[in-house]
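Just so it is clear, none of the values below were taken in a lab; they were calculated from the coordinates. Since the structure is predicted, the reported quantities are computational estimates derived from the model, not experimental observations. We place every Cβ from the backbone using ideal geometry, glycine too, and count neighbours over all the protein chains shown.
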Amino acid sequence: MRVDVVSIFPDYLSVLDLSLVGKARQRGLLDLRVHDLRDWTTDRHRTVDDTPFGGGAGMVMRPDVWGQAIDEVLGAGTGTRSEGAHLIVPTPSGEVFTQRHAESLASAEQLVFACGRYEGIDARVAEHYRSAGVTVHELSIGDYVLNGGEVASLVMIEAVARLIPGMVGNPDSLVEESHGAAGLLEYPVYTKPPSWADLEIPEVLLSGHHAKIERWRRDQALERTAARRPDMIEALDVAGLDKHDLKLLAELGWVPGADGGGLTRA
Ligand code: ADE
């Protein structure tokens, strides 16, 4: 996969040399290139922003500079533009980025991250590339405001990169994690020593009884999800729940809706 990140603070992205993403780059699984947006400016001051039409506070990033940058990293005009390119614009006004986005982006040929600063990027940039046939995603990593798209891009790159085949040493570790297919948060995990700070490991985990362990973990996942993320309980597919799940959920105050739809509070 090719990933391009365009920013006025390319050094912000230097952490992509580290850890799993850094190793994937070394192993050639990920062709990741970070670019300085100012390289596409043409004036002496290397200007990337201007005042907003219609007035208001702050500055807006210029579409002409962004257009030059994005055209070049997409290979436009060189005949090398990949059909599978996705342009990602991190913005607090975007759709919320989830594991589903990460899964779908993991099979893309090229991802281009356009990191805005100030009040954001002139809205014509997203509009233009959409009309030009590029898949454009305006994505937020959560309901809070950052100073720019760099940290949000780091979050999304890590979430996507670990799903690229060959990236994670043991792919089984991706199966049961939070926000996976089960639609539940992950159960709590424990390791050695068995006794620490007067706290013991739940007995069942030492029993060697696989079916019991699996059931305990599922119960923990359901309880955790109900306590922390009721929105995820509401979104569960009732058809995917067994009798034991439904009993536990009823004890926690969740019952299948009368319309045969999802779960609702009793
Ligand atoms: N830029 C500023 N805040 C952001 C957020 N929450 N998500 C994505 N990009 C952002």
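Here are some notes:
- Test: residue in segment 175-188 that is acidic (D, E) and under 22 Å from M1 (Cβ atoms): yes
- Which numbered condition W196 misses (of (1) touching a residue at least 12 places away in the same chain (Cβ under 8 Å); (2) away from the ligand (no atom under 16 Å from the Cβ); (3) among the aromatic types (F, W, Y)): (1)
- Filter pass, E223 being among the acidic types (D, E), more than 16 Å from the ligand (Cβ to nearest atom) and closer than 30 Å to S19 by Cα: no
- Yes/no for S14 being under 21 Å from L146 (Cα atoms) and within 16 Å of the ligand (Cβ to nearest atom): no
- Residues of segment 130-143 that are within 14 Å of the ligand (Cβ to nearest atom) and either at positive phi or hydrophobic (A, V, I, L, M, F, W, C) (or both): L139, I141, G142.
- Of all the listed residues (E158, E186), the sole one being surrounded by 12 or more Cβ atoms within 10 Å (Cβ to Cβ), in a loop (DSSP other than H, G, I, E, B) and among the charged types (D, E, K, R) is E186.
- Selected residue [surrounded by 14 or more Cβ atoms within 10 Å (Cβ to Cβ), within 23 Å of the chain's Cα centre (by Cα) and among the acidic types (D, E)] from D4, D17, D49, D31: D4
- The residue that is farthest from P10 (Cα to Cα), counting only those in segment 144-180 that are within 16 Å of the ligand (Cβ to nearest atom) and more than 14 Å from the chain's Cα centre (by Cα), is Y144.
- Of all residues making up segment 102-125, the number that are within 15 Å of the ligand (Cβ to nearest atom), farther than 13 Å from V136 by Cβ and touching a Leu at 6+ places or on another chain (Cβ under 7 Å): 1
- Residue-level check: of (1) touching a helix residue (DSSP H, G or I) at 6+ places or on another chain (Cβ under 7 Å); (2) closer than 21 Å to A24 by Cα, S107 misses just (1).
- Test: V89 is within 15 Å of the ligand (Cβ to nearest atom), under 13 Å from the mean Cα position of the chain (by Cα), surrounded by 18 or more Cβ atoms within 10 Å (Cβ to Cβ) and within 27 Å of L174 (Cα to Cα): yes
- Restricted to segment 209-258, and to residues there that are acidic (D, E) and in a helix (DSSP H, G or I), the residue that is surrounded by the fewest Cβ atoms within 10 Å (Cβ to Cβ) is D231.
- Qualifying residue in segment 18-33 (condition: touching a residue at least 24 places away in the same chain (Cβ under 8 Å) and within 16 Å of the ligand (Cβ to nearest atom)): no
- Looking only at segment 122-152, and only at residues there that are touching a residue at least 60 places away in the same chain (Cβ under 8 Å) and touching a Pro at 6+ places or on another chain (Cβ under 6 Å), the one that is surrounded by the fewest Cβ atoms within 10 Å (Cβ to Cβ): R124
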